[in-house]
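As structure tokens, the structure follows; a few thoughts come after it.
The values are calculated or read from the model by the stated rules, or taken from the named source; none is laboratory data. Treat the numbers as computed from the prediction; the structure is a model and nothing was measured. Cβ coordinates were reconstructed from backbone atoms using ideal geometry, including for glycine residues, and neighbour counts include every protein chain displayed.
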């Protein structure tokens, strides 16, 4: 009798263990073998992309408190049949996730991706200790909630808004200062930018107004060059445009102005004109450069003022409609 009881008890335990093992196995198989989240990127879809409607690279990072998945791809996105159609598939655990998608990330470094609280990207410091201009980065976020069991969750990433902001600088009546300060005499433009951001924590990317970058060091500076354009804005004679991370915020939440030291250089590599332009309003309060925003520095002879550009088409539609989105080319064209 005792032996029969022990045998039945052993059988019961084996059945219970098998049931739990089967449940665990089913859950594991689900996540191992089935997609439950898809990011669709139309500009990577071979059936609809064109020379003017496409992206060159793609980074997708998926977090809970720690990173769960990451994918990187490049044009023409031929890893598999799904990616060629602009579909990037994931198997995620149940619950809410934070998804970050980026394009135009050339020469940008991701770091500390293991945890959402520390994950960041940054400009690569050059050998001379300065930072370069960022490319025209586009970003988009999503917050999918995954159910198990449940349907496949899909998000469409359009990449229609820039992460970077830009600053245009335009000039007129400089010949009142010197007759040499004409468009034809200026062969090169160099900019040294202080008070600029060089690092972006992903956890600080929220919306276009509150997103702020930071610096890896208080002395971070960017060294830039720019293409000079003739009559790019209203009645101004010439000007240029560069990309920047959103304005950094100090650890004590204070702000300091970005300062652009601008050198207009002639044929003999001599400086024809130099200007320190503080990015402040008329009351000397620092102006914050937001994501997907353009500030314009108007230099009228010896007078300088900084404004927010309400409509980007005011910055020469002819320039906007051509060229590329590389640093310093004056373009912020939509991809």
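Can you tell me which residue in the range 280-318 is modelled with the highest pLDDT, limited to those that are farther than 17 Å from residue 196 by Cα and within 22 Å of the chain's Cα centre (by Cα)? Result: 308.
For every residue, the table says whether it meets (1) in contact with a strand residue (DSSP E or B) (Cβ under 6 Å, 6 or more places away or on another chain); (2) in the same structural domain as residue 138 (by the TED database); (3) free of Cβ contacts under 8 Å to residues at least 40 places away in the same chain.
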residue: 51; (1), (2), (3): no, yes, yes
residue: 55; (1), (2), (3): yes, yes, no
residue: 58; (1), (2), (3): yes, yes, no
residue: 67; (1), (2), (3): no, yes, no
residue: 77; (1), (2), (3): no, yes, yes
residue: 98; (1), (2), (3): yes, yes, no
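Would you confirm whether or not the range 260-267 contains a residue that is touching a residue at least 40 places away in the same chain (Cβ under 8 Å), closer than 30 Å to residue 101 by Cβ and within 24 Å of the chain's Cα centre (by Cα)? Looking for residues that are touching a residue at least 40 places away in the same chain (Cβ under 8 Å), closer than 30 Å to residue 101 by Cβ and within 24 Å of the chain's Cα centre (by Cα), one finds none in the range 260-267, hence no.
Only a single item in (1) touching a helix residue (DSSP H, G or I) at 6+ places or on another chain (Cβ under 7 Å); (2) in a loop (DSSP other than H, G, I, E, B) is not met by residue 89, and it is number (2). Testing residue 237 on (1) surrounded by fewer than 22 Cβ atoms within 10 Å (Cβ to Cβ); (2) under 22 Å from residue 201 (Cα atoms), one condition comes back false. Which one is that? Of the numbered conditions (1) surrounded by fewer than 22 Cβ atoms within 10 Å (Cβ to Cβ); (2) under 22 Å from residue 201 (Cα atoms), the odd one out for residue 237 is (2). Just so you know, in the range 118-177 the residues that are touching a helix residue (DSSP H, G or I) at 6+ places or on another chain (Cβ under 9 Å) and not in a strand (DSSP E or B) include one that is nearest to residue 227 (Cα to Cα), and it is 159. Just one of (1) within 20 Å of the chain's Cα centre (by Cα); (2) surrounded by 17 or more Cβ atoms within 10 Å (Cβ to Cβ) fails for residue 216. It is (2).
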